[in-house]
1. Please indicate, with yes or no, whether at least one residue in segment 231-249 is of a type in the set (Lys, Arg) and either in contact with a helix residue (DSSP H, G or I) (Cβ under 6 Å, 6 or more places away or on another chain) or in the same structural domain as Arg17 (by TED's automatic domain parsing) (or both).
2. Only one residue in Val47, Val76, Val63 is closer than 22 Å to Asp14 by Cβ, surrounded by 20 or more Cβ atoms within 10 Å (Cβ to Cβ) and over 17 Å from the mean Cα position of the chain (by Cα). Which one?
3. From the list Phe31, Phe51, exactly one residue is free of Cβ contacts under 8 Å to residues at least 60 places away in the same chain and either basic (Lys, Arg) or outside the structural domain of Glu268 (by TED's automatic domain parsing) (or both). Which is it?
4. So, in segment 69-104, of the ones that are β-branched (Val, Ile, Thr) and out of contact with any Gly (no Cβ under 9 Å at 6 or more places or on another chain), which residue ends up nearest to Asp117 (Cα to Cα)?
5. From Asn227, Asn214, grab the single residue that is in contact with a Lys or Arg (Cβ under 9 Å, 6 or more places away or on another chain) and over 16 Å from Glu173 (Cα atoms).
6. Condition first: of a type in the set (D, E, K, R) and modelled with pLDDT of 75 or more. Now tell me which residues in segment 175-192 satisfy that.
7. Are there any pairs, at least 6 apart or on different chains, whose C-beta atoms fall under 6 Å, with the first in segment 214-242 and in contact (Cβ under 8 Å) with a residue 24 or more places away in the chain and the second among the basic types (Lys, Arg) and part of a loop (DSSP other than H, G, I, E, B), and if so, which?
Amino acid sequence: MIEFKKIGLDAKEDVLRFTLTNEERNCDLSFVNLCSWSFLYHTEYAVADGFLLFRFYLNEKPVYMMPIGKGDLANVLLLLKEDALRLNAELKILGISPNMRKRMEQILPDTFVFDTDRDYYDYLYTRMDLATLKGKRFQAKRNHVNRFRKAYPDYAYEPLTPELVPECLRLEEIWCRANGCNEQEALSAERRSMQYALMHQQELELTGGLLRVNGEIVAFTYGCPINQDTWDVCVEKANTDIEGAYAMINYEYANHIDEKYVYINREEDLGLEGLRKAKLSYQPYCLLDKYSATLI
């Protein structure tokens, strides 16, 4: 029987020893996301047979995340099946990469039904593209950045530190009032996740940055590693009254992420038309399709 435990800050070592050495670039595997969203999904984790396992709950039903690790995958999937049966639920696994799907189909053919949803694909970019904005395809983005520099020549970029969190939260409060966070369940949940992450910045080892215009914070962002070559941008907020603030914080942050990270994951668009248009406008390197698998 798998012994799942509630995920929290004390799980960091157990989780990171698997995720940071893994090839998967799924944003759901970033430790900041795992912890900061656990209030909503009641996320639990376990280590079994050389794999890191996650169990969470959707509509009060247990769902599992793609196993991460090396070993006897068939046996681990059997353990997950037994765990689901013990909870009177069908086995459903989310966040499955194309490579993991191939492995599952090879070792357990005709066992799972696979499905995918474009709304939950991750947007993967090269850090170099976002940090340089070179070439004709980025002309519009360079124009935004240049207009911002011209309009606010004395702007400043600063690393996000714990003492600056209250100022960032004030900007987020303004953003929320403008976007109706209290009336939208998804935005309200995002706000709670963000507040948790910011208040535990040091324990989570998240790294962020912010823009100041005339001494006021007009944009901030933060993220963390997914693995050794991919960085996850968890949150990005800006004052929409400041033209180009989003483009500039994106550009500056990409230039301040360690160069060892080849890729930047800017997460899903959730099927939101405006968000999809914005993410596509940055010319993603690829979209990471993620499958769900349901036991037949």
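1. yes
2. Val63
3. None of the other options fit; the residue is Phe51.
4. Of everything passing the filter in segment 69-104, Ile96 is nearest to Asp117 (Cα to Cα).
5. Asn227
6. Listed by number, the residues that qualify are Arg177, Glu185, Glu190, Arg191, Arg192.
7. Note: pairs meeting the criteria are Ile226/Arg25; Thr230/Arg25; Val233/Arg266.
Okay, residues lined up against (1) on the phi > 0 side of the Ramachandran plot; (2) surrounded by 12 or more Cβ atoms within 10 Å (Cβ to Cβ); (3) not assigned by TED's automatic domain parsing to the domain that holds Met199:
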position: Ser97; (1), (2), (3): no, yes, yes
position: Pro109; (1), (2), (3): no, no, yes
position: Asp129; (1), (2), (3): no, yes, no
position: Gln139; (1), (2), (3): no, no, no
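The values are calculated or read from the model by the stated rules, or taken from the named source; none is laboratory data. As the structure is a prediction and not an experimental result, all values here were calculated from the model. In this analysis, Cβ positions are derived from the backbone assuming ideal geometry, glycine residues included, and neighbour counts consider all displayed protein chains.
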